[in-house]
Amino acid sequence: MADQYDLIVVGAGPGGYIAAIRAAQLGMKTAIVEREHMAGICSNWGCIPTKALLRTAEVYGHMSHAKDYGLTADQFGFDLDAVVKRSRGIANQMNNGVQFLMKKNKVDIIWGEAVLTSPTEIKVAPTKKKIVEPQGPIPKNALGEGTYKAKNIIIATGARPRVLPGIEPDGEKIWTYFEAMKPAQFPKSLVIMGSGAIGMEFASFYRSMGAEVTVVELLPTILPVEDAEIAAHVKKRFEKRGIKIITDAKVTKVDKAKDGIVAHIEPKTGETSQIAADALISAVGVQCNSENLGLEALGVKIDRGAIAIDHYGRTNVPTIWAIGDVAGPPMLAHKAEHEAVITVETIAGLKGVHGLNKLQVPGCTYCEPQIASVGLTEAKAKEAGREIKVGRFPFIGNGKAIALGEPEGLVKTIFDAKTGELLGAHMVGAEVTELIQGFVVAMGLETTEEDLMHTIFPHPTLSETMKESVLDAYGRALNM
């Protein structure tokens with residue numbers, strides 16, 4: 001007889017493990033299935049270890065202009081093995097942390113690959129996927145292959161790097177973020193396909209550490225999901241750092257040689273050119289891990305590769321739910337975690353559960369300069385027919401930014417001209433990924449421009465740029 005659970009979660013990434021914890025808190029007998037990495041891609045190969053690399057690059061960058069702070073650092077360098085080891089060690093720590101949380105919350109771990117054989121049953125087989133780098137041993141006391149039943153099943157299988165035909169990653173000359181995070185040798189030059197968050201973060205890291213970097217973007221602007229004004233600011237800053245940016249162009253072919261690659265660049269207008277480099281990073285997005293789960297046979301609706309859900313994680317099959325990247329954009333860990341709580345509480349029948357509002361999901365890119373945003377861009381607000389007021393405040397007008405040696409940056413706020421509703425906030429500059437949550441909270445509380453104007457922001461802080469941007473939208477900026 002199959003083991004019976006109240007809930008089985010397939011996938012132990014940020015969405016999956018949070019769903020399991022919340023279910024356990026609500027008294028459900030819960031199990032989680034994982035085939036390769038406890039804590040998922042985010043903690044093992046994405047969010048956390050990349051931030052470790054970017055922190056290294058940030059410190060290294062500060063050392064390179066120590067004299068600007070009255071300091072002397074004439075001789076400095078880096079040990080690539082040590083840089084990678086630090087990043088991988090942090091990933092391992094996160095992995096072990098999630099295993100501890102599963103044990104603490106009495107969640108059973110089932111190790112292997114799951115296929116749904118009915119809306120309330122899964123069959124788990126040994127992992128077939130080649131694991132890039134095991135993060136320690138299989139958890140102690142983990143269950144293995146077999147058949148397991150549950151009243152409800154949550155799919156949280158995440159996503160993987162998108163592969164372009166003819167430019168398939170080989171792990172040596174053509175990389176995904178897996179190889180980019182642990183290069184055997186530091187590349188002197190790189191071509192990066194794609195200027196989304198992943199591409200820009202790696203461009204920033206490798207340039208800070210001394211590589212020559214070229215970014216190729218298919219669309220007319222970099223960072224296509226960001227406000228155009230913010231994207232233009234980042235482009236200018238990247239080019240000032242020596243990063244070459246080519247937009248409205250695509251990589252059509254990559255020739256591989258013993259000593260590197262040659263990328264063939266085809267612009268929408270003009271002649272095809274070639275760029276030689278040590279390696280190429282493919283950062284052209286991700287695709288959902290919705291295949292080979294048995295979903296099609298059960299009639300679960302799939303929309304362009306993503307499992308179709310409502311704002312509460314429901315699929316069209318009553319006992320099957322989905323959260324996180326596998327359920328479509330925005331493909332962000334914090335969105336997956338929030339969906340996890342919403343979905344589990346809906347399954348549990350709690351009252352007053354709020355469905356996910358994607359317009360209130362913040363986005364952050366941790367390159368230099370940092371980028372953060374929430375809500376509508378100026379263009380999207382106008383497309384929606386909203387009459388708007390727009391405020392802007394530059395970091396150069398902020399005393400803390402100047403004292404930090406970070407005077408380049410911008411905060412932009414967008415309000416409904418009739419109601420004062422905060423429609424969007426877009427930021428670029430030092431530590432804006434930590435500041436954006438102030439605007440997220442404001443939007444969640446339906447705060448108006450008047451509420452923000454009456455709020456006291458501490459001095460001296462970078463957060464003062466936020467209030468000044470609000471004031472500027474209404475012609476009341478005080479420090480500009």
Identify all residues within the stretch 257-280 that are exposed (fewer than 14 other Cβ atoms within 10 Å of the Cβ) and either assigned to a strand (DSSP E or B) or in contact with a helix residue (DSSP H, G or I) (Cβ under 8 Å, 6 or more places away or on another chain) (or both); write none if there are none.
-> 257, 273, 274, 276
Matching residues in the stretch 381-395 - criterion: being surrounded by fewer than 16 Cβ atoms within 10 Å (Cβ to Cβ) and either part of a loop (DSSP other than H, G, I, E, B) or in contact (Cβ under 8 Å) with a residue 12 or more places away in the chain (or both) = 384, 385, 387
Members of the stretch 144-161 that are polar (S, T, N, Q) and touching a helix residue (DSSP H, G or I) at 6+ places or on another chain (Cβ under 9 Å) = 152, 157
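Could you identify the single residue in 342, 307 that is within 21 Å of the chain's Cα centre (by Cα), buried (at least 19 other Cβ atoms within 10 Å of the Cβ) and farther than 30 Å from residue 420 by Cβ?
Values: 342 fails: farther than 30 Å from residue 420 by Cβ.
Among 342, 307, only 307 is within 21 Å of the chain's Cα centre (by Cα), buried (at least 19 other Cβ atoms within 10 Å of the Cβ) and farther than 30 Å from residue 420 by Cβ.
Using the structure shown, decide if residue 245 is in a strand (DSSP E or B), crowded, with 16+ Cβ neighbours inside 10 Å and in contact (Cβ under 8 Å) with a residue 60 or more places away in the chain. Break it down into steps so the answer makes sense when it comes.
On the way: in a strand (DSSP E or B): yes; crowded, with 16+ Cβ neighbours inside 10 Å: yes; in contact (Cβ under 8 Å) with a residue 60 or more places away in the chain: no.
Judged against the criteria, residue 245 is not a match.
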Could you give every pair whose Cβ atoms fall below 7 Å, whose first residue belongs to the stretch 67-79 and is part of a loop (DSSP other than H, G, I, E, B), and whose second residue is at pLDDT 90 or above, counting only separations of at least 6 or pairs across chains?
-> 72/66; 73/63; 73/66; 76/63; 78/60; 78/209
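Please pick out the residue among 168, 212 that is surrounded by fewer than 18 Cβ atoms within 10 Å (Cβ to Cβ), acidic (Asp, Glu) and closer than 26 Å to residue 306 by Cβ. Spell out the reasoning first.
Values: 212 fails: closer than 26 Å to residue 306 by Cβ.
It is 168.
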Given the conditions (1) touching a helix residue (DSSP H, G or I) at 6+ places or on another chain (Cβ under 8 Å); (2) not in a helix (DSSP H, G or I), which single one is not true for residue 27?
-> (1)
Pick out, from the stretch 91-203, the strands (runs of 3 or more DSSP E) lying fully within it that include 2 or more residues that are farther than 30 Å from residue 300 by Cα.
-> 189-193
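The values are calculated or read from the model by the stated rules, or taken from the named source; none is laboratory data. Every value quoted in this text rests on a predicted model; they were computed, and no experiment measured them. No Cβ is skipped: glycine too gets one built from the backbone with ideal geometry, and neighbour counts run over all protein chains shown.
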